[in-house]
Amino acid sequence: MQTLLGNEQLKRGLAAAFASGRLSHCYLLAGPAGSGKHTLARILCAAMECTAEGGQRPCGSCLQCRKVLDKLHPDVITVDEPDKKTVSVELIRKTREDVFIKPNEGLRKVYVIPRAMDMNPAAQNALLKVIEEPPEYAAFLLLTDAAERLLPTIRSRAVTLRLSPLSEAEGVAALSRRCPGRSPEELRDAWSRSGGFLGQAEALLSEAEALAPETRSFADCFARRDRMGLTELLVPMERLKREQLLSLLNQWAELLSQALLVRSGLPGTWEAARKIGQSRTGVACMEALCSLRRSVELLQGNIGVGNLCGALQVWLDIRE
Ligand SMILES: [Zn+2]
């Protein structure tokens, strides 16, 4: 069974509640991205459905636990429309109707709202009506990275579980298990920039992998003031599709923004950005960044890809 790392105090409190069966019908799981909200939600759902007699809950092995952990339990319901920007009041109203239909097979019907902060006030008020007086078997888990975006009336009816950062030793060890094959430096570096949250450290590592080869070359040329290299990179790019070039230039702009952060003493996400920040001046980075932003705007208009790549050879020229 997936376990929540760290957060000892929170886990002790929950273990006591699980053992005594005194579970709240509404929990607010609060913490930044990558802090373990989803893992905790899954454990809570399992604890609510677990049918093991005595012993530790959730047991992780009874049929109900297994269904929850495999995301197959019919009474654990995710309330979200991921393709929409907000969690709509219509969706919450539909949920409210569903709440009054008894569980299929579980002890409870658990509603998980993964983007609770994206409910507008109307949706929150609609939810409030049902969490004020839910049927006995209903439970709600509200996940949010911004608890303050929820109405005080909602917050006051929920038990807040706040996720904490992990210690460095714990975090780096967990990261090396999840991302095998990385050097200790890479791991420590990602960890130091993650704010202490494993999910963010993992995202940082995979982001570094996600850099396009052209972006890595650009970073290299720009950092080394390699004018020829830059030309050799840009010429074949004239054959790219508009969308491809746009996505590359956006990545280059992000790279330079991070290089500027590095220059102002903040940690940049990408190693490539650090190299630039260490070897080029802030003015050089800023000028190149402005050129890239202008290029992105032009590309969104009518300019031809070939013309733009030609112009970029001049605009990104390395003078100092
Ligand atoms: Zn169980």
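Annotation: residue 59 fulfils all but one of (1) surrounded by 17 or more Cβ atoms within 10 Å (Cβ to Cβ); (2) not in a loop (DSSP other than H, G, I, E, B); the unmet one is (2). Of all the criteria given as (1) more than 25 Å from residue 11 (Cα to Cα); (2) part of a loop (DSSP other than H, G, I, E, B); (3) among the small types (Gly, Ala, Ser), the one not satisfied by residue 190 is (2). Within the range 109-147, the set of residues being surrounded by fewer than 18 Cβ atoms within 10 Å (Cβ to Cβ), small (Gly, Ala, Ser) and farther than 11 Å from residue 28 by Cα comprises just one member, 122.
Residues of the range 73-85 that are out of contact with any Ser or Thr (no Cβ under 9 Å at 6 or more places or on another chain) and either crowded, with 20+ Cβ neighbours inside 10 Å or of a type in the set (Gly, Ala, Ser) (or both): 73, 75, 76.
Going through (1) surrounded by 12 or more Cβ atoms within 10 Å (Cβ to Cβ); (2) within 13 Å of the ligand (Cβ to nearest atom) one by one, residue 70 falls short only on (1). Just name the residue that is farthest from the ligand (Cβ to nearest atom) out of those in the range 30-49 that are assigned to a loop (DSSP other than H, G, I, E, B) and crowded, with 23+ Cβ neighbours inside 10 Å. Going through the qualifying residues, I end up with 35.
Where helices (runs of 4 or more DSSP H) sit wholly within the range 196-256, those with at least 3 residues that are buried (at least 16 other Cβ atoms within 10 Å of the Cβ) and at pLDDT 90 or above occupy 213-224, 227-237. Which of (1) more than 28 Å from residue 129 (Cα to Cα); (2) surrounded by fewer than 18 Cβ atoms within 10 Å (Cβ to Cβ); (3) in contact with a helix residue (DSSP H, G or I) (Cβ under 7 Å, 6 or more places away or on another chain) does residue 88 not meet, given it meets every other one? It is condition (1) that residue 88 fails.
The values are calculated or read from the model by the stated rules, or taken from the named source; none is laboratory data. All figures in this text were calculated on a predicted structure; none of them were measured in a lab. Here the Cβ is made from the backbone with ideal geometry for all residues, glycine too, and neighbour counts use every protein chain on show.
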